[in-house]
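The values are calculated or read from the model by the stated rules, or taken from the named source; none is laboratory data. In this text the structure is predicted, and so the values were computed from the model without any measurement. With ideal geometry, Cβ positions are generated from the backbone for all residues, glycine too; neighbour counts draw on all protein chains shown.
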Amino acid sequence: FTHAYLKEKKKQEDIFLMSKLAYDALYPRPFLNVVKKVSQRFSLEPARIYALMKQESSFFLSATSPAGASGIMQVMPYTAKDLNRRLKIKNLDLHNPNHSILLGAKFYADMSKMFHGDFEKIAMAYNAGPGRLLEWEKRFAGVPKVLFLEEIPFEETYYYVKKTRKYYDRYKIGFEYFF
């Protein structure tokens, strides 16, 4: 209800003015124990994982994209297979939140190492693939960092990065402010 009201009134939510109940409705934290465990394992902030889950699937466990990505973290089957060679999850099921969160966090951690912790580039790689991001880095080599996102040719990835950043900021503040 809160989100629908704000959307209708075209107002930006101010998380410092909302109650914890309203915050929890807009920024839920399902599978908190799994997220905390995986966050520690891969040295990631829980806020980053929640931002991805919210953007990727809106926490819908059986989400499947037109491209074939599945689960709460929307992992592509071939990426899952590659990651699972290292993680060795038995009876891998991308719709199982434990599996999906583990795989998505591992992929995010790998992208974080590859792109030196740069939030926007990690999000671009998670959405469009690291190969595409490397192509874009070559193509737009002289473009200042602040303008790089504006140059990428995928509108979906542009908005993905913007929304994921917004969700990350909200979750990060929420973890610090409410918990």
Of residues in segment 89-109 being in a helix (DSSP H, G or I) and in contact with a strand residue (DSSP E or B) (Cβ under 7 Å, 6 or more places away or on another chain), the one surrounded by the fewest Cβ atoms within 10 Å (Cβ to Cβ) = Phe107
Is one or more of the residues making up segment 141-150 within 23 Å of Pro30 (Cα to Cα) and either surrounded by fewer than 17 Cβ atoms within 10 Å (Cβ to Cβ) or at pLDDT below 95 (or both)?
-> no
Quick one: what pairs do we get from segment 15-44, first residue surrounded by 15 or more Cβ atoms within 10 Å (Cβ to Cβ) and modelled with pLDDT under 95, second polar (S, T, N, Q) and in a helix (DSSP H, G or I), C-beta under 8 Å, 6+ apart or different chains?
-> Met18/Thr2; Ala22/Thr2; Leu26/Thr2
Check segment 113-125 and report whether any residue there is under 23 Å from Ser57 (Cα atoms), in a loop (DSSP other than H, G, I, E, B) and either in contact with a Ser or Thr (Cβ under 9 Å, 6 or more places away or on another chain) or touching a residue at least 40 places away in the same chain (Cβ under 8 Å) (or both).
-> yes
A careful count of residues in segment 54-88 that are touching a residue at least 12 places away in the same chain (Cβ under 8 Å) and surrounded by fewer than 15 Cβ atoms within 10 Å (Cβ to Cβ) gives 5
